[in-house]
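Everything on this sheet refers to the single structure shown next.
The values are calculated or read from the model by the stated rules, or taken from the named source; none is laboratory data. Worth saying up front: this structure is predicted, and the values here are computed from it rather than measured. All Cβ positions, glycine included, derive from the backbone under ideal geometry; neighbour counts span all protein chains shown. We work out accessible area using only protein heavy atoms, side chains counted, and drop any ligands, DNA or RNA first. Shrake-Rupley method; radii C 1.70, N 1.55, O 1.52, S 1.80 Å.
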Amino acid sequence: MSSGPPVSKNFSTFKPLSSKDAMEEHLLLDSIAWPTAPFLSPHFSLEQTTDPAHSTFTILPLSGGVQWHVGDQLEVGIQMKDFQGHAKKSGGDFLLARLHNRKLEAGVAGRVVDHLNGSYSAVFTLLWEGSAQVEVTLVHPSEAVSVLQQLAREQPFRIFFKSTFRSGTVSENSSCNAYLRQTNQPLCNFTDPRTGEPWFCYKPKKLSCDARINHMRGEPRIKLGAKEKKLLQRKLNMKVSIQASGPSSVTVFPPKKDQPKVRKSSRKSGVSGYYYQGVWQSLCGAKVHQFNDSSAIRECLKGKMVYMYGDSTIRQWFEYLSALLPDAKELFLTSPNRTGPFMMWDITKNIQVTYHCHGPPLSFNPIPTSQLRYIANELDGLLGGNNTVVVVGIWAHFSPFPIELYIRRLQNIRKAVVRLLSRAPGTLVVIRTANLRDLTTNLALVHSDWYTFQRYRVLRAIFEGLKVQIVDAWEMNLAHHLPHNLHPQPPILKNMVNTLLSYICPL
């Protein structure tokens, strides 16, 4: 059964927003607006697009005799060129920057500034003594970003879903999504009555809408020319390092006598933290402590109820704790594809940790409809209190869909968090951000880091100023030397969980 593309490409036409939410959505979309690249004609030449091999970066200033100290700002100039070696004249390239020292296992993310003329700056805060190596990576050329923007605009629902409907011996499958094209076939409306989150399936020919038993991921449906796909090639123009035109590292000396200490960071002025000797040093929020064994973790979680909601990157945290809490009894671990719900319970220390995946769009396969629950509704069902910890991580499954869908999901979650903190102010709420991942051409069409970066920025903005704690998975992945992965490798995962535990047990 084919559903075709959605009838509406404007998410805001589906359901009216309150004036406050509509204004916030408008401001958020403005805040993440990307520089417009020159029009990409159907006859474009790859030779005229951004080439990381010809592009270079330079540590500034160019004159010698400069000495850097801990606490200083290091600026790097970046000049992008095309495959013919010509300097680019417009912005819009998606760049990442990192400063690192492998021997010290140190690393920090840089802030990239687009000057809209083919040149960029990367700015770093110097946070350790010794060598500091600059690394600049082209994730996507501006022309590829234009293709991704076009896909998001013209094919906003690039993954479709299925559900099985069953009654007795009769079984039918049907296409489902947050939007479906209106046809002669009736629709089953599974929109959540409390949050208003939209979800529809085409009605089966023989069965009623009430016969739906599960939710499954379908196949991506993307129309893109072979020429445009060339803009998303590994080792050529996607996630490729840019070389230095001169020295690529600096030597950092101890802070000057009158040098102020690096202060707690704010999102407007700095970074969330950095690695030193492989350990994440937070610059905002609680000081990160090391919980290296089961006894330390059990003591921290003593008497706590920890509720984890989200995707598989949150499930990683549950699995990490489960492995380090050998005395905890695990329940509900027979669910297919590890979708949950999961629970572990340490009777001796009175610890309860649960995990539940978030509601559609959800690319797990399959999941019973009885387990399709929205985070906002789950939070409204919590009593909360001083011994309650709520962990939320929701991002990866929203990349192939309009960002407005993601904004509204986060708005609903935020409202539920506000209600929870109003009735139980002692509740600890921790939000995990998105992270980078490995990319192939086909994966980039639905889960590009550029799509993820937009959602990362939106999440940070929506929870800004709220009494919640943030685990900045984006920076923790970017600053680390390990390859990007949807599910971060154990050293990064350990630092994430230690950050969570440090929020729970700050002393």
> What's the number of the condition Pro204 fails, among (1) free of Cβ contacts under 8 Å to residues at least 60 places away in the same chain; (2) open to solvent by 30 Å² or more (accessible area, probe 1.4 Å); (3) in a loop (DSSP other than H, G, I, E, B)?
Replying inline: (2)
> Are there any pairs with C-beta distances below 6 angstrom linking a residue in region 80-93 that is within 16 Å of Ile242 (Cα to Cα) to a residue that is of a type in the set (Lys, Arg) and modelled with pLDDT of 95 or more, with the two at least 6 apart or on different chains, and if so which?
Replying inline: Met80/Lys88; Ala87/Lys81
> Of these, Leu405, Leu410, Leu428, Leu420, which one is out of contact with any His (no Cβ under 8 Å at 6 or more places or on another chain), surrounded by fewer than 23 Cβ atoms within 10 Å (Cβ to Cβ), touching a residue at least 12 places away in the same chain (Cβ under 8 Å) and under 16 Å from Asn377 (Cβ atoms)?
Replying inline: Leu420
> In region 109-146, which residue that is in contact with a helix residue (DSSP H, G or I) (Cβ under 8 Å, 6 or more places away or on another chain) and β-branched (Val, Ile, Thr) is farthest from Thr36 (Cα to Cα)?
Replying inline: Val139
>> Could you check region 392-435 and list, in sequence order, the residues that are farther than 24 Å from Pro198 by Cα and of a type in the set (A, V, I, L, M, F, W, C)?
In response: Leu421, Ala424, Leu428, Val429, Val430
> Does Glu330 fit the bill of being part of a helix (DSSP H, G or I), open to solvent by 40 Å² or more (accessible area, probe 1.4 Å) and not aliphatic (A, V, I, L, M)?
Replying inline: no
> Is there a residue being free of Cβ contacts under 8 Å to residues at least 40 places away in the same chain and within 30 Å of Asp21 (Cβ to Cβ) anywhere in region 212-222?
Replying inline: no
> How many of the residues making up region 152-190 are over 30 Å from Ala444 (Cβ atoms) and either part of a strand (DSSP E or B) or open to solvent by less than 40 Å² (accessible area, probe 1.4 Å) (or both)?
Replying inline: 10
>> Looking for something in a strand (DSSP E or B) and either farther than 21 Å from Thr427 by Cα or open to solvent by less than 30 Å² (accessible area, probe 1.4 Å) (or both) - is there at least one such residue anywhere in region 358-374?
In response: yes
> What is the one condition in (1) outside any loop (DSSP other than H, G, I, E, B); (2) closer than 30 Å to His481 by Cα that Ser422 does not satisfy?
Replying inline: (2)
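Yes or no, residue by residue, for (1) under 14 Å from Leu486 (Cα atoms); (2) open to solvent by less than 10 Å² (accessible area, probe 1.4 Å); (3) of a type in the set (S, T, N, Q):
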position	(1), (2), (3)
Ala434	yes, yes, no
Leu439	yes, yes, no
Asn442	no, no, yes
Leu445	no, yes, no
Asp449	yes, yes, no
Phe453	yes, no, no
Glu464	no, no, no
Asp472	no, yes, no
> What do you reckon, is Thr369 at pLDDT below 90, β-branched (Val, Ile, Thr) and out of contact with any Pro (no Cβ under 8 Å at 6 or more places or on another chain)?
Replying inline: no
> Do you know which residues across region 462-507 are polar (S, T, N, Q) and within 23 Å of Tyr307 (Cβ to Cβ)?
Replying inline: Gln469, Asn495, Asn498, Thr499, Ser502
> Out of the residues in region 1-40 that are of a type in the set (Ser, Thr, Tyr) and open to solvent by 40 Å² or more (accessible area, probe 1.4 Å), which is modelled with the highest pLDDT?
Replying inline: Ser31
> Is it the case that Phe83 is more than 30 Å from Tyr276 (Cα to Cα) and at pLDDT below 95?
Replying inline: no
> Any chance region 292-299 includes a residue that's surrounded by 16 or more Cβ atoms within 10 Å (Cβ to Cβ), under 30 Å from Gly359 (Cβ atoms) and in contact with a Leu (Cβ under 6 Å, 6 or more places away or on another chain)?
Replying inline: yes
> Which residues, taken from region 86-114, are more than 17 Å from Gln73 (Cβ to Cβ) and not in a strand (DSSP E or B)?
Replying inline: His86, Lys88, Lys89, Ser90, Gly91, Gly92, Asp93, Arg102, Lys103, Leu104, Glu105
> What single numbered condition from (1) touching an Asp or Glu at 6+ places or on another chain (Cβ under 7 Å); (2) outside any loop (DSSP other than H, G, I, E, B) fails to hold for Val306?
Replying inline: (1)
>> Against the conditions (1) surrounded by fewer than 20 Cβ atoms within 10 Å (Cβ to Cβ); (2) modelled with pLDDT of 95 or more, where does Asp311 fall short? Just the number, please.
In response: (1)
> Among Glu47, Glu129, Glu135, which is within 29 Å of Tyr451 (Cβ to Cβ), surrounded by 16 or more Cβ atoms within 10 Å (Cβ to Cβ) and charged (D, E, K, R)?
Replying inline: Glu135
>> Please determine whether any residue of region 215-225 is open to solvent by 30 Å² or more (accessible area, probe 1.4 Å), among the aliphatic types (A, V, I, L, M) and at pLDDT 95 or above.
In response: no
> Mind checking which residues of region 375-401 are over 15 Å from the mean Cα position of the chain (by Cα) and either polar (S, T, N, Q) or surrounded by fewer than 23 Cβ atoms within 10 Å (Cβ to Cβ) (or both)?
Replying inline: Asn377, Glu378, Asp380, Gly381, Leu382, Leu383, Gly384, Gly385, Asn386, Asn387, Thr388, Val389
